[in-house]
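Below is one structure; the comments refer to it alone.
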Amino acid sequence: DALFTAYLDVQRAVRDERWKLIRYPQVDRTQLFDLTADPHELNNLADRPQHAATHARMRTLLETEGQRLGDTVTWTRATTKPAAWSPPIKTAN
């Protein structure tokens, strides 16, 4: 019923048949997309009041699925990185 994805400790996402929520805990940013109306994920609905209930439901689903799968990411940080931050690229020695 839901798909949970993760990228390092930088990004977590969950989607159901219609909605996708992406959380970037290191920069304290969340994105919410209506995949039916916006399949290319161009319009972030996370901060729109009319989508607050969907945002809350998807955030709960994200955290529940993460716990069920043993994910240990910290959802919020005392200090956050700038929004333009990218994770460092590991190079071979």
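Report the paramagnetic label zone for residue 71: residues of region 44-59 whose backbone N is under 19 Å from a point 7 Å from Cα along the Cα-to-Cβ axis.
Residues 45-47, 54-59 qualify, since their backbone N sits under 19 Å from the label point.
Mind checking the per residue accessible area of region 1-43 for me, 1.4 Å probe, whole number of Å²?
Values: 2490 Å² over 43 residues.
Heavy-atom SASA per residue in region 1-43 reads 58 Å².
The values are calculated or read from the model by the stated rules, or taken from the named source; none is laboratory data. Source: prediction; values computed, not measured. Glycine also receives a Cβ, built like all others from the backbone with ideal geometry; neighbour counts cover every protein chain displayed. For the accessible areas, the whole protein counts, side chains as well, though only heavy atoms, and no ligand, DNA or RNA atoms are used. Shrake-Rupley method; radii C 1.70, N 1.55, O 1.52, S 1.80 Å.
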